[in-house]
Amino acid sequence: MEISAVNALLCPHCGSEFSTPDTNATSLACTSGHSFDIARQGYLNLLTGHGTKFVPDTAAMVSARDSFLDAGHYAPLAQALAETVKELVPGAGMIVDAGTGTGYYLQQVLAGYAENQESGLARSVTAVGMDISKFALRRASRRNPAALNIVWDLWRELPLGASTADVVLVVFAPRNASEFARILKPGGTLIVVTPLASHLAEIAQEAGLLGIQEDKEAALNHSLEEHFTPSGSRELLVPLHLGPADIDNVALMGPAGHHLDTVELGERLAHLPEETLATAAFRISTFTARHP
Ligand SMILES: C[S@@+](CC[C@H](N)C(=O)[O-])C[C@H]1O[C@@H](n2cnc3c(N)ncnc32)[C@H](O)[C@@H]1O
Ligand SMILES: [Zn+2]
């Protein structure tokens with residue numbers, strides 16, 4: 001487990017800090033003695049006791065998202081995020097990826113700092129990935145061994161100190177406005193990626209994406225306005241060439257993946273052409289944290 005971000009970590013039971021663990025430690029203890037497991041794969045499980053009511057993505061859903069992202073379909077989004085983060089945090093700083101999933105976007109963001117490290121500015125950024133799904137974090141830990149990956153529920157108080165983060169990144173994941181504002185440094189930035197109404201419209205029916213609510217810009221701004229001031233917004237349209245396997249992955253990786261009958265889906269997708277053209281349509285919005 002990577003330890004530099006441990007300095008920002010607070011015990012979810014008592015709010016104490018953690019002592020720096022040994023490199024191969026299998027648990028991490030706060031200074032009051034509460035101990036949490038570090039999984040073999042390297043992520044830290046802070047979510048103990050009663051589980052949350054949320055149903056995490058299944059292993060099959062996580063695997064579908066990983067395959068789809070690995071195929072590079074959303075690489076332009078990853079690139080745009082890497083550039084945005086690098087502009088906001090050119091040197092040292094802490095980046096939190098809330099709902100990191102399989103860690104794909106955080107990996108691209110951190111790759112943007114490879115030069116800094118090569119040129120001797122090692123440890124230029126500290127990264128934290130949080131997700132409620134262990135299946136996702138297993139993959140995220142593999143992708144981003146330099147990040148502190150934590151199993152956590154974003155709707156709870158976050159286990160990070162106040163004013164510790166320079167950027168919070170949220171790609172298609174829950175937004176806990178008050179907690180994001182608390183952990184961000186004054187003037188720190190929240191980056192939110194949401195789908196536009198036209199996102200994958202061409203395959204919405206085949207992939208069972210119908211009924212997904214678009215996050216309207218005004219509604220997004222409104223939901224954050226108590227703690228954040230909008231500082232920028234852009235739309236990103238990405239043309240996609242999708243084979244049947246890609247559409248299968250899109251169907252499985254979305255919220256519908258919880259309910260899909262894979263046999264039925266296979267039959268539905270069997271008639272698809274070798275290549276379907278579709279457009280991924282994203283909004284990238286940035287917000288500045290306002291502190292009282
Ligand atoms: C659509 S996925 C996006 C993942 C990643 N950001 C990406 O774009 O590849 C949503 C992620 O949010 C996570 N998630 C949903 N509710 C959560 C919660 N309450 N706390 C933490 N993570 C949550 C899910 O486990 C899932 O990995
Ligand atoms: Zn404690």
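The values are calculated or read from the model by the stated rules, or taken from the named source; none is laboratory data. What you see is a predicted model; the values in this text were computed from it and never measured. Using ideal geometry, Cβ is built from the backbone for each residue, glycine included, and neighbour counts are taken over all protein chains shown.
Remarks
- Hey, Ile191 modelled with pLDDT of 90 or more, β-branched (Val, Ile, Thr) and part of a helix (DSSP H, G or I) or not: no
- Matching residues, the range 153-182, being assigned to a loop (DSSP other than H, G, I, E, B) and either under 12 Å from Thr288 (Cα atoms) or within 16 Å of ligand 2 (Cβ to nearest atom) (or both): Arg156, Glu157, Leu158, Pro159, Gly161
- Segments classed as strands (runs of 3 or more DSSP E), wholly inside the range 1-99, with at least 3 members that are within 16 Å of ligand 2 (Cβ to nearest atom): 27-29, 35-37
- Yes/no for Glu226 being loosely packed, with under 12 Cβ neighbours inside 10 Å, in a loop (DSSP other than H, G, I, E, B) and not small (Gly, Ala, Ser): yes
- Just one of the numbered conditions (1) at negative phi; (2) modelled with pLDDT under 95 is not true of Val168: (2).
- For the range 203-216, a residue qualifies if it is closer than 21 Å to Leu277 by Cα, surrounded by fewer than 15 Cβ atoms within 10 Å (Cβ to Cβ) and at pLDDT 75 or above, and exactly one does: Gln205.
- Meets criteria (closer than 30 Å to Ala281 by Cα and hydrophobic (A, V, I, L, M, F, W, C)) for Leu46: no
- Across the range 8-38, the number of residues qualifying as within 14 Å of Ala147 (Cα to Cα) and in contact (Cβ under 8 Å) with a residue 40 or more places away in the chain comes to 2.
- So Leu277, is it loosely packed, with under 12 Cβ neighbours inside 10 Å, farther than 30 Å from Ala165 by Cβ and touching a Pro at 6+ places or on another chain (Cβ under 8 Å): yes
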